[in-house]
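Below is one structure; the comments refer to it alone.
We did not get these values from a lab; they are worked out from the coordinates using the rules stated. None of these values were measured; they are calculated from a predicted model. Glycine also receives a Cβ, built like all others from the backbone with ideal geometry; neighbour counts cover every protein chain displayed.
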Amino acid sequence: MHDSNPYAAPSAPLQLHDVEVMADRLTRLGASLIDSAIIWVVMVPLMWFGGYLPAVIESAQRGEQLHIGLILLWIPIGTAVFAAVHWWPLKTGGQTWGKRIVGIQIVTLDGQQVAPLRVILARHLPVRAVSGIPFVGAFLMMINICMIFRQDRRCGHDFVAGTRVVRAR
């Protein structure tokens, strides 16, 4: 005989999903400021002894724009430094050091941990390259940053890389 109750409510196995909460804007700003401070501690001496900062000072004193070739040379150098500094926390948790400190992480659109190379090549490098464009770069960077005020809180670099930033699990 069948033991089912025809009057019982239907049942289904319960599946619990981790609910991801988008990182708030101030937390993302804090992480960005921490990351910037860390990178500048490394980059400023490198740029000084590598001749970049003296060239910037000389160009400014002459009232000229820095030569585009020098700017283009330092884009991959800055990206390499970013990769060297942040590789381990990106590999282990999808976080930069700043994001790790404030408790947020970068994930793919489907919630998976993002690969470090994706963060570096699709999220960081385009921002660095665009920011190096004379005159236009600063304007485009403002657009990138201001996109965080959208409802989904994704900046331009999040759209390029197909990522979002959520509270760390």
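Taking the chain as a Gaussian network of alpha-carbon nodes connected by springs under 10 Å, the highest mean-square fluctuation of the residues Asp35, Asp24, Asp110 belongs to Asp110. For Arg169 and Ile145, a Förster radius of 25 Å and the Cβ-Cβ distance give a FRET efficiency of 0.45, rounded to the nearest 0.05. Just how far, in whole angstrom, is the range 111-129 from the range 32-55 if you go by their alpha carbon centroids? Centre-to-centre (Cα) distance: 20 Å. At a threshold of 8 angstrom on Cα-Cα distance, excluding pairs fewer than six apart, so keeping six or more, what relative contact order does the chain reach in percent? Value for the chain: 27 percent. Distance between the pseudo-spin-label points of Val160 and Leu53 (7 Å out from Cα toward the beta carbon): 2.6 nm. Pairwise alpha-carbon distances in the range 30-86 exceed 18 Å for 39% of all pairs. Sequence-ordered 3J(HN,Hα) estimates for the range 134-142 from the Karplus curve with 6.51, -1.76 and 1.60 and θ = phi - 60° stand at x, 6, 6, x, 5, 5, 5, 5, 5 Hz, glycine and proline given as x.
Using the per-residue mean of other Cβ atoms lying within 10 Å as a proxy for protection, in what order, highest first, do the peptides 120-131, 91-102 fall? Intermediate results must be reported in sequence, preceding the final value.
Working: 120-131: 17.9, 91-102: 20.1.
Descending packing order for the listed peptides: 91-102, 120-131.
Taking the inverse of the mean reciprocal distance over all distinct Cα pairs, the Kirkwood hydrodynamic radius of the chain comes to 18.3 Å.
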